[in-house]
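**Student:** Below is one structure. I have some questions about it.
The values are calculated or read from the model by the stated rules, or taken from the named source; none is laboratory data. Bear in mind the structure is a predicted one, so any value in this text is a computation, not a measurement. Neighbour counts are summed over all protein chains in view; Cβ atoms, including those assigned to glycine, are modelled from backbone coordinates with ideal geometry.
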Amino acid sequence: MAVILVLLGLPLLLWYWRSDALVHRYPPGTKIINLTAIAHGGIWTREEIAGLNYWWKKPTRATEIPLNEGDHVVVRLHSVDVLHSFAIPLLHLGPVDVPAGHTVEVKFNADRPGVLTFLCWQVCSPDHPGLHGRFLVKGGEPEESW
Amino acid sequence: MAPVVALRGEVMAKLTSQVTAPVEVPPQAWRFDVFARWPRLKRLVQMRSFQFLVIVPNLLLFYLFLIAGLFGTPVGNKNIIIVFVWILWWVVLIALMVPFGSRVWCTMCPLPFFGDWLQRRAVVKVRPGKSPGTANTFFGLHKRWPKSLSNIWLQNFGFLLLATFSALLVTRPIVSAMVFGLLILIAAIMALVYRLRTFCNYVCPISGFLSLYSMTSAVELRSVDKEECLKCKSKACIRGSDKGWACPWNIYMGKLDRNNYCGLCFECVKSCPNDNISLFVRPFGTSDVVLRGYDEVWKACIMLVLALTYSVMLLGPWGRFKDWANISEAHDWSGFGLFATGQALLALVIFPGLYYLSIRLAKWYARADAVPTKELFLKYAYMLVPMGLLAWIAFSVPLLMVNGSYIISVISDPLGWGMDLFHTADFPWKPLRPEWVPFVQAPILLAGLYFGLKGLHKVGCQLFPDAAQRHRSLVPPAVLLLGVTAVFLKLFVG
């Protein structure tokens with residue numbers, strides 16, 4: 001019985017942390033975006049990269065990430081291989097180091113519509129130029145755009 | 001006639017003892033009866049739930065490790081399976097558990113847990129019965145393991161295979177998780193097909209080296225009085241009883257004289273009707289000095305060579321060797337082939353060949369025609385056991401000194417998901433006194449040399465009554481051991 005409790009309880013506990021406890025860390029309505037940098041291929045991806053899929057599956061590149069005007073955004077940055085660096089130049093956000101295996105958070109408010117380019121700020125690998133993408137902030141008046 | 005016969009027998013016995021008994025009989029080693037001194041400890045291990053209680057925390061951790069390997073970050077130094085298994089567990093196992101606790105890891109190992117469960121259909125209680133060869137009821141096919149495989153060759157090749165891919169095994173969480181998952185599965189399947197713990201005895205690669213190095217350990221589980229065992233009719237230690245399961249390692253305590261294949265499950269302590277089994281403390285390094293087969297000699301050679309190649313690959317400054325071993329990233333297949341072939345040749349052919357050469361030289365130099373080469377080859381090989389263990393410890397301690405700070409960080413974020421349970425997730429990598437590493441390694445290696453030579457001398461005393469002949473026979477293997485120590489010292493200290 002104890003063994004069965006352990007076998008079922010541990011994954012449930014971890015699932016609870018990911019699905020509920022993590023969300024409650026931030027103010028209600030916060031948009032949480034997970035971005036993982038992969039040096040090989042030069043990819044930012046929103047997919048979860050774990051031991052299980054890292055070695056055989058090529059993740060989808062996060063080229064465009066839709067946001068709505070007024071969103072409070074928390075970007076949780078991960079690296080699965082080398083030291084990367086994250087920046088959104090238009091917001092003067094970063095560069096912040098993203099060491100391998102660590103989780104680094106950056107926050108910003110999408111208070112104007114427009115396009116925000118994000119990128120890896122340091123030459124991390126031969127595929128470094130591929131490490132970029134865009135936040136597309138919808139809504140509001142076009143003249144208020146960045 | 002009777003007195004004449006008795007007299008003749010006495011004379012014959014005297015003559016025989018003069019011919020066969022060594023001139024210099026090594027004194028009987030001291031041993032200290034732990035259970036007699038601390039009976040509470042005995043009562044603790046006699047509890048039916050004892051082994052379950054020590055396995056459960058490891059089972060829980062192990063389960064977490066498997067989850068972390070599959071679903072945690074692929075970054076090794078931020079994943080608990082890599083940090084806890086290959087930094088913490090490995091160092092504790094090789095530097096503390098084996099020298100001071102023999103095979104105490106086998107007492108708490110979670111790998112055979114499900115196999116035992118399937119075989120016994122019980123976690124704590126005992127099932128008396130009449131399964132073949134035992135006084136218990138076992139489930140499954142209960143077949144005998146083939147006699148041709150009743151040795152540690154499979155464990156030798158299994159460990160060598162794992163070592164060949166060790167650069168992946170000790171850095172990639174998924175590889176570690178898959179290997180441990182596979183071992184649990186194999187253990188469970190084997191428990192359903194074969195009797196007792198066949199997996200632990202003949203297949204588990206960890207058990208293989210534990211069996212060898214437990215010979216050096218400062219503790220042993222033995223019968224208090226061997227005569228009592230000979231008189232015992234129930235043989236409950238090996239057959240089991242209503243108080244304890246039949247020995248999972250298939251050991252009769254009346255004949256047990258080495259630690260190698262005793263997994264310290266303490267079932268015999270529970271089942272012995274004469275209360276004749278106890279745990280003893282004994283001198284480290286020179287108590288069990290007999291290797292009994294080529295499989296064990298090759299295990300000693302393989303382990304010593306692997307301690308060397310691991311040190312070159314993981315601690316050495318040669319980037320090319322690291323790239324050869326690190327096939328998943330460097331993709332240098334010819335280099336990997338060279339590394340794998342070179343390591344296997346060194347472990348299976350070259351080093352055993354050098355050892356054989358030293359034995360031939362020993363035989364020639366000592367003019368020891370009466371002692372068969374095989375006997376000398378098997379018995380003198382013990383010198384490689386303490387040397388190998390202490391070389392592994394010398395290799396492993398720096399792992400903890402240099403990378404121990406990862407443990408503090410990973411405790412807070414075991415899966416690399418961004419948790420911070422104890423607010424230490426961002427604890428930086430801080431090597432602990434790295435400048436001391438050579439000063440820690442050198443004395444450990446020299447201790448290995450000392451115990452190796454001491455063991456060699458003890459075996460020599462058993463083989464050669466004549467001191468001059470004995471000393472001549474010791475020279476070539478001792479030179480080999482000195483050479484091995486010099487190579488390690490050069491590697492570690494420079």
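**Student:** Looking at (1) of a type in the set (A, V, I, L, M); (2) within 14 Å of the chain's Cα centre (by Cα); (3) not in a loop (DSSP other than H, G, I, E, B), can you tell me which one residue A:62 breaks?
**Tutor:** Looking at each condition in turn, residue A:62 falls short on (3).
**Student:** Restricting the search to segment A:60-75, which residues are in contact with an Asp or Glu (Cβ under 7 Å, 6 or more places away or on another chain) and surrounded by fewer than 16 Cβ atoms within 10 Å (Cβ to Cβ)?
**Tutor:** Within segment A:60-75, A:60, A:70 qualify.
**Student:** Would you check if there is a residue in segment B:84-92 being assigned to a loop (DSSP other than H, G, I, E, B) and touching a residue at least 12 places away in the same chain (Cβ under 8 Å)? Even if it seems obvious, please write down each step before you answer.
**Tutor:** Here is the first cut: in segment B:84-92, the residues assigned to a loop (DSSP other than H, G, I, E, B) are none.
No, there is no match, as no residue in segment B:84-92 is assigned to a loop (DSSP other than H, G, I, E, B) and touching a residue at least 12 places away in the same chain (Cβ under 8 Å).
**Student:** Now, a different point. Of the conditions (1) out of contact with any helix residue (DSSP H, G or I) (no Cβ under 6 Å at 6 or more places or on another chain); (2) part of a helix (DSSP H, G or I); (3) over 22 Å from residue B:101 (Cβ atoms), residue B:296 clears all except one; give me its number.
**Tutor:** Failing condition for residue B:296: (3).
**Student:** Can you name every residue in segment B:26-41 that is surrounded by fewer than 19 Cβ atoms within 10 Å (Cβ to Cβ) and either facing chain A (nearest Cβ under 10 Å) or not aliphatic (A, V, I, L, M) (or both)? I'd like the intermediate steps shown before the answer.
**Tutor:** The first filter runs over segment B:26-41 and keeps only residues surrounded by fewer than 19 Cβ atoms within 10 Å (Cβ to Cβ), leaving B:26-34, B:36-41.
If the condition is that a residue be surrounded by fewer than 19 Cβ atoms within 10 Å (Cβ to Cβ) and either facing chain A (nearest Cβ under 10 Å) or not aliphatic (A, V, I, L, M) (or both), then B:26, B:27, B:28, B:30, B:31, B:32, B:33, B:37, B:38, B:39, B:40 are the ones that fit.
**Student:** Could you pull out every one of the helices (runs of 4 or more DSSP H) wholly within segment B:1-57 that has 2 or more residues that are at pLDDT below 50 and under 37 Å from the mean Cα position of the chain (by Cα)?
**Tutor:** Fully inside segment B:1-57 and qualifying: B:2-20.
**Student:** Taking residue A:75 as the residue in question, decide whether it is of a type in the set (Val, Ile, Thr), within 14 Å of chain B (Cβ to nearest Cβ) and in contact (Cβ under 8 Å) with a residue 24 or more places away in the chain. Explain how you work it out, then say what you get.
**Tutor:** On the way: of a type in the set (Val, Ile, Thr): yes; within 14 Å of chain B (Cβ to nearest Cβ): yes; in contact (Cβ under 8 Å) with a residue 24 or more places away in the chain: yes.
Yes, satisfied.
**Student:** Name the one entry in A:31, A:57 that is among the basic types (Lys, Arg), surrounded by fewer than 18 Cβ atoms within 10 Å (Cβ to Cβ), within 14 Å of another protein chain (Cβ to nearest Cβ) and over 13 Å from residue B:73 (Cβ atoms). Before you say what the answer is, go through the steps one by one.
**Tutor:** Details: A:31 fails: within 14 Å of another protein chain (Cβ to nearest Cβ).
The unique qualifying residue is A:57.
**Student:** Something else: Which of the residues spanning segment B:389-438 are assigned to a loop (DSSP other than H, G, I, E, B) and hydroxyl-bearing (Ser, Thr, Tyr)? Quick ask: steps written out before the conclusion?
**Tutor:** Let us first name the residues in segment B:389-438 that are assigned to a loop (DSSP other than H, G, I, E, B), namely B:404, B:413-433.
If the condition is that a residue be assigned to a loop (DSSP other than H, G, I, E, B) and hydroxyl-bearing (Ser, Thr, Tyr), then B:424 is the only one that fits.
**Student:** Just to verify a result, which residue in segment B:60-78, among those that are more than 7 Å from chain A (Cβ to nearest Cβ) and either of a type outside the set (Gly, Ala, Ser) or out of contact with any helix residue (DSSP H, G or I) (no Cβ under 9 Å at 6 or more places or on another chain) (or both), is farthest from residue B:183 (Cα to Cα)? Break it down into steps so the answer makes sense when it comes.
**Tutor:** Here is the first cut: in segment B:60-78, the ones more than 7 Å from chain A (Cβ to nearest Cβ) are B:61-62, B:65-66, B:68, B:76.
If we keep only those that are either of a type outside the set (Gly, Ala, Ser) or out of contact with any helix residue (DSSP H, G or I) (no Cβ under 9 Å at 6 or more places or on another chain) (or both) as well, we get B:61-62, B:65-66.
Numbers: B:61: 16, B:62: 12, B:65: 14, B:66: 12 Å.
The selected residue is B:61.
**Student:** I'd like to know if segment B:198-216 contains one or more residues that are part of a loop (DSSP other than H, G, I, E, B) and modelled with pLDDT under 95. Break it down into steps so the answer makes sense when it comes.
**Tutor:** Narrowing segment B:198-216 to residues part of a loop (DSSP other than H, G, I, E, B): B:204.
Now restrict to residues that are modelled with pLDDT under 95: none.
Within segment B:198-216 (the criterion being part of a loop (DSSP other than H, G, I, E, B) and modelled with pLDDT under 95), the answer is no, since none of the residues qualifies.
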